[in-house]
Every structure is written in structure tokens, then in C-alpha cells.
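Student: Can you read through this structure? Questions will come right after.
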Amino acid sequence: MRLVSDSISRAYYAAFHGAHDYCESAGKATVRNNAHVEVRRCLESTGQDLIAADLRRLHIWTKHADYDVLAPLEDFPEVARSALAMAESILDRLNTLTV
């Protein structure tokens with residue numbers, strides 16, 4: 001189960017870092033202690049609400065997979081597949097944006 005949980009987390013962080021890079025190139029700095037929220041706000045402020053929403057969903061799945069051991073996700077493998085597909089979609093959409 002740990003590998004599945006790790007894949008959800010890695011998918012999120014791949015998308016998060018892609019979004020963080022986009023925000024930096026847009027001239028919107030983030031601070032480390034609140035970077036996850038600030039990256040989503042940056043995306044929203046540049047009209048990328050759907051990417052921000054997907055990134056938030058991935059973040060929720062990651063926190064649940066990593067920390068909620070008493071109530072694990074119902075179908076870990078399916079969530080992992082969805083997380084990987086969502087991260088890939090986020091990165092593809094970010095790559096089409098110009099700042």
C-alpha cells in the first residue's frame with residue numbers, strides 16, 4: 001500500500017512544482033510556509049481556476065494518503081491512477097500557458 005500512497009504524493013508534487021514554476025515565471029513569488037495555498041491563489045489570479053481546483057484535489061488526496069492511516073482511501077489503486085492522470089493533465093495545461 002505504501003507504493004500506491006507514494007505515487008499519489010509524487011503525482012501531486014510533480015504538479016505542484018510545475019505550478020510553482022509557472023507562478024514564478026508570472027512574477028508571483030510564494031513563501032515556503034504557505035506555498036501550497038499561495039500557488040493555488042496565483043493560479044486563480046491568472047485565470048487558471050480549473051488547474052487550481054485540480055491541484056487542490058490532488059493535495060487533499062495526498063494528505064489523505066500520507067496521513068489518514070485510520071481511514072484509508074477506499075480504492076487506493078484507482079485514486080493513484082486518477083492522481084497520475086490529473087497531474088499529467090495539470091502539467092500539460094501549464095505547458096500551454098504563456099506568461
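The values are calculated or read from the model by the stated rules, or taken from the named source; none is laboratory data. These numbers come from a predicted model, not from an experiment. As a convention, Cβ positions derive from the backbone with ideal geometry for all residues, glycine included, and neighbour counts pool all protein chains shown.
Student: Of the conditions (1) outside any helix (DSSP H, G or I); (2) under 22 Å from SER5 (Cα atoms), ILE60 fails just one. Which one is it?
Tutor: Single failed check for ILE60: (1).
Student: Scan region 1-58 for residues that are at pLDDT below 90 and not small (Gly, Ala, Ser) and jot them down. Steps first, answer last, please.
Tutor: Taking region 1-58 first, the residues at pLDDT below 90 are 1-6, 26-34.
Across region 1-58, the qualifying residues are MET1, ARG2, LEU3, VAL4, ASP6, LYS28, THR30, VAL31, ARG32, ASN33, ASN34.
Student: With the requirement that a residue be more than 10 Å from the chain's Cα centre (by Cα) and closer than 20 Å to ALA26 by Cβ, what does region 39-71 give you?
Tutor: Narrowing region 39-71 to residues more than 10 Å from the chain's Cα centre (by Cα): 41-50, 63-71.
Once the filter is applied, which keeps residues that are more than 10 Å from the chain's Cα centre (by Cα) and closer than 20 Å to ALA26 by Cβ, region 39-71 yields ARG41, CYS42, LEU43, GLU44, SER45, THR46, GLY47, GLN48, ASP49, LEU50.
Student: Somewhere in region 23-42, is a residue part of a loop (DSSP other than H, G, I, E, B) and surrounded by 20 or more Cβ atoms within 10 Å (Cβ to Cβ)?
Tutor: Narrowing region 23-42 to residues part of a loop (DSSP other than H, G, I, E, B): 26-31.
After this cut, where a residue has to be surrounded by 20 or more Cβ atoms within 10 Å (Cβ to Cβ) as well, the list is none.
No, there is no match, as no residue in region 23-42 is part of a loop (DSSP other than H, G, I, E, B) and surrounded by 20 or more Cβ atoms within 10 Å (Cβ to Cβ).
Student: Of these, VAL69, VAL79, which one is under 11 Å from SER5 (Cα atoms), exposed (fewer than 13 other Cβ atoms within 10 Å of the Cβ) and at pLDDT below 95? Write out each step before concluding.
Tutor: Numbers: VAL79 fails: exposed (fewer than 13 other Cβ atoms within 10 Å of the Cβ).
Matching residue, one of VAL69, VAL79: VAL69.
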